[in-house]
Amino acid sequence: MARRSFGVKNRQMHEVMLSDEIVTLSPLRLDDVEAHLTGEDELLIRWLNGGPGTREGVEAYFRHCWEQWDSAGPLRAFGIRVGTDETLAGTIDLRFAGEGLAPGQVNVAYGLYPFWRGRGLATRAVLLASQYAAGEGGEEAVIQVEPENSASAAVARRAGFTRGEQPHSKDGRRFDRYTRDLRVAPQ
C-alpha cells in the first residue's frame, strides 16, 4: 500500500480534521442530520444502528457526540466526508472505553451510505481514524464484526487488522474481533 500523507488540524477538540486528500474525517455536526437520515438504509440499520433513525434521535446522538468532543470524553464520532464540498458519505466512531475493551484498546465502528460503498472509502477512514487513535494514546484498535457482515470484515483486513477471538456481547450476539497494533505503522 502506498504511503499517504495525513493532515491533522487540532485547534480545539471538536475542530479536528483528518484527511488523506480523498477522505476527510471531521466531527459530526447538527447540519449532518438530514444527510445521515437520507443515507440510512437496511444495512446500516442492521449492522450499525440497531434500528431506524428518527430526526429527534439522530439530533440527540449528534449533540451527545459534540459534547464528547468538548469534554474529551471516550467517544470520538467523525463524519466521513468526500469531495471539495465535504459531502457526508458515512460515519466512523472511536470509543476509548467500553464493554470488552482493555486499557489502551479503542473500538472502531464505521458505516457508509449506499452510494459510497465499494470505493475503498471505509478502509481509508479506518486508517485515518486509527492514526488519530494512536496519537491520542490508543495502543490497539478493535473492530467487532457480526460474522455475516463480510463487507465490514473485508474493510478490517484491508486496513491491516487481523482476526482474533470471537467474543459475545451482553445480549449474547457473537462477533468476529479484528485487532491492529497502533504502535506499528501500517504496511
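Some values worked out for this structure:
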{"read-out": "Qualifying residue in the range 33-49 (condition: at pLDDT 95 or above and in contact with a Ser or Thr (Cβ under 7 Å, 6 or more places away or on another chain))", "value": "no"}
{"read-out": "Cβ-Cβ under 6 Å pairs, at least 6 apart or on other chains, the range 115-127 side closer than 15 Å to LEU88 by Cβ, far side part of a helix (DSSP H, G or I)", "value": "ALA122/VAL155"}
{"read-out": "Qualifying residue in the range 61-79 (condition: closer than 29 Å to PRO147 by Cβ, free of Cβ contacts under 8 Å to residues at least 40 places away in the same chain and of a type in the set (Ser, Thr, Tyr))", "value": "yes"}
{"read-out": "Residue match in the range 153-161 (condition: assigned to a strand (DSSP E or B), over 19 Å from SER26 (Cα atoms), of a type outside the set (Gly, Ala, Ser) and at pLDDT 95 or above)", "value": "no"}
{"read-out": "GLU148 vs. criteria under 23 Å from GLN68 (Cβ atoms) and out of contact with any Asp or Glu (no Cβ under 8 Å at 6 or more places or on another chain)", "value": "no"}
{"read-out": "Among residues of the range 94-150, those that are in contact with a strand residue (DSSP E or B) (Cβ under 6 Å, 6 or more places away or on another chain) and among the basic types (Lys, Arg), counted", "value": "2"}
{"read-out": "Criterion: out of contact with any Cys (no Cβ under 8 Å at 6 or more places or on another chain), buried (at least 23 other Cβ atoms within 10 Å of the Cβ) and hydrophobic (A, V, I, L, M, F, W, C) - qualifying residue of ALA141, ALA134, ALA109, ALA102", "value": "ALA141"}
{"read-out": "Some residue of the range 87-110 being of a type in the set (S, T, N, Q) and in a loop (DSSP other than H, G, I, E, B)", "value": "no"}
{"read-out": "Cβ-Cβ under 9 Å pairs, at least 6 apart or on other chains, the range 166-182 side within 21 Å of VAL126 (Cα to Cα), far side modelled with pLDDT under 70", "value": "PHE175/GLN166; PHE175/PRO167; PHE175/HIS168; PHE175/SER169; ASP176/GLN166; ARG177/GLN166; ARG177/PRO167; ARG180/PRO186"}
{"read-out": "Matching residues in the range 21-30 - criterion: being farther than 16 Å from SER71 by Cβ and either at pLDDT below 95 or assigned to a strand (DSSP E or B) (or both)", "value": "GLU21, VAL23, THR24, LEU25, SER26, ARG29, LEU30"}
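The values are calculated or read from the model by the stated rules, or taken from the named source; none is laboratory data. Please read all numbers here as calculations on a predicted model, not as lab measurements. Because the Cβ atoms are built from the backbone with ideal geometry, glycine has one as well, and the counts that use them run over all protein chains shown.
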